[in-house]
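See below for the structure under consideration.
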Ligand SMILES: Nc1ncnc2c1ncn2[C@@H]1O[C@H](COP(=O)(O)OP(=O)(O)O)[C@@H](O)[C@H]1O
Ligand SMILES: [Mg+2]
């Protein structure tokens with residue numbers, strides 16, 4: 001991936017759920033490294049494992065889920081094996097998260113300012129007064145007009161976009177090394193989506209933070225990501241610098257995603273969406289998870305899962321690339 005030492009290094013991460021039908025693996029060996037100051041976009045259809053991946057980074061998975069393999073190296077330590085008390089020091093302060101639904105992440109009975117102040121005080125030994133001043137400054141920074149007045153208001157007095165701005169302020173309050181944003185704009189109007197994205201991108205680059213940006217919408221990442229990882233059925237299908245991925249997508253799945261974007265742009269009536277449905281965990285074929293929907297699938301694709309072929313940092317898991325590798 002991009003040069004310079006990684007801040008976060010995920011190696012062969014595996015996560016399973018215990019369900020009534022038995023153990024189901026939903027992340028099947030995910031690897032990537034995130035260099036300092038860079039943005040990695042993790043893109044995939046609903047159910048591909050994006051949120052499970054994000055939650056496992058800070059071990060916030062539900063009790064029925066288990067990390068069954070791999071490493072999450074951060075600052076020389078493996079987050080997958082840290083104790084709960086060690087992890088608490090990392091959560092928020094070193095790695096912050098923004099979630100999809102800002103309304104449900106805020107506490108309805110506390111003012112926005114109180115919540116922000118509390119977050120700051122939980123991690124920093126400063127006076128209440130200084131924490132409040134910092135909170136107001138942060139609200140201004142994320143574009144809340146009349147921040148000092150707004151500080152005393154409750155979440156229901158804020159729009160969805162403003163709530164997400166508050167969540168961003170909370171995530172940034174502790175100057176984390178890594179920001180993880182899981183579909184931060186999905187619950188918002190299209191016009192607000194672009195503003196929020198721009199805001200995260202600007203704040204990320206000002207602070208020299210690294211970020212993992214999670215979305216189902218490939219179109220959203222072109223302007224904000226340095227590198228893109230395409231996730232499908234719990235596996236990386238393709239990973240490349242953003243320009244290479246858009247210019248020369250190697251995996252038929254990525255090609256399908258991009259084709260549907262192109263026809264939206266051209267306002268064509270016929271939208272070549274990818275036919276078929278994503279795999280259901282526990283009911284996959286033994287080979288490539290995309291094989292049943294792939295227009296180019298070979299017999300081998302249904303039997304054996306391809307490795308990630310790596311051509312100068314542009315990686316793709318497709319048997320069609322085997323000869324070129
Ligand atoms: N609590 C759960 N119990 C069982 N399976 C789950 C649970 N949460 C998520 N999954 C499964 O894990 C897979 C990945 O889910 P998720 O990471 O939420 O997808 P995404 O965020 O990409 O839409 C899905 O197939 C989903 O059904
Ligand atoms: Mg999700």
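The values are calculated or read from the model by the stated rules, or taken from the named source; none is laboratory data. What you see is a predicted model; the values in this text were computed from it and never measured. For neighbour counting, all protein chains shown are included, and Cβ atoms are generated from backbone atoms with ideal geometry for every residue, glycine included.
Here are some residues: 90, 109, 178, 145. Which one is touching a helix residue (DSSP H, G or I) at 6+ places or on another chain (Cβ under 7 Å) and modelled with pLDDT of 90 or more?
Working: 109 fails: touching a helix residue (DSSP H, G or I) at 6+ places or on another chain (Cβ under 7 Å); 178 fails: touching a helix residue (DSSP H, G or I) at 6+ places or on another chain (Cβ under 7 Å); 145 fails: touching a helix residue (DSSP H, G or I) at 6+ places or on another chain (Cβ under 7 Å).
Exactly one of 90, 109, 178, 145 is touching a helix residue (DSSP H, G or I) at 6+ places or on another chain (Cβ under 7 Å) and modelled with pLDDT of 90 or more, namely 90.
Please work out if residue 204 is part of a helix (DSSP H, G or I), in contact (Cβ under 8 Å) with a residue 12 or more places away in the chain and in contact with a strand residue (DSSP E or B) (Cβ under 8 Å, 6 or more places away or on another chain).
Yes.
Provide a single number: the residues in the range 171-196 that are in a helix (DSSP H, G or I), closer than 25 Å to residue 107 by Cβ and without any contact (Cβ under 8 Å) to a residue 60 or more places away in the chain.
Residues of the range 171-196 that are in a helix (DSSP H, G or I), as a first pass: 171-173, 190-196.
Narrowing further to those that are closer than 25 Å to residue 107 by Cβ: 171-173, 192-193, 195-196.
Next cut, without any contact (Cβ under 8 Å) to a residue 60 or more places away in the chain only: 173, 192-193, 195-196.
Total satisfying the criteria: 5.
Output the number of the condition that residue 31 fails; it satisfies all remaining conditions of (1) surrounded by fewer than 17 Cβ atoms within 10 Å (Cβ to Cβ); (2) over 21 Å from residue 241 (Cα atoms).
(2)
Return the residues of the range 11-38 that are within 11 Å of ligand 1 (Cβ to nearest atom) and out of contact with any strand residue (DSSP E or B) (no Cβ under 7 Å at 6 or more places or on another chain); say none if nothing qualifies.
18, 19, 20, 21
Going by the structure shown, is residue 245 assigned to a helix (DSSP H, G or I) and modelled with pLDDT of 95 or more? Write out each step before concluding.
Details: assigned to a helix (DSSP H, G or I): yes; modelled with pLDDT of 95 or more: yes.
Answer is yes for this residue.
Please note which helices (runs of 4 or more DSSP H) are completely contained in the range 16-105 and include at least 2 residues that are within 16 Å of ligand 2 (Cβ to nearest atom).
Filter on the range 16-105 gives 50-57, 102-105.
Among the numbered conditions (1) within 13 Å of residue 183 (Cα to Cα); (2) within 12 Å of ligand 1 (Cβ to nearest atom), tell me where residue 41 comes up short.
(2)
Collect the residues in the range 173-216 that are within 16 Å of ligand 1 (Cβ to nearest atom) and buried (at least 18 other Cβ atoms within 10 Å of the Cβ), keeping them in residue-number order.
Of the residues in the range 173-216, the ones within 16 Å of ligand 1 (Cβ to nearest atom) are 180-187, 212-216.
180, 181, 182, 183, 184, 185, 187, 212, 213, 214, 215, listed by residue number.
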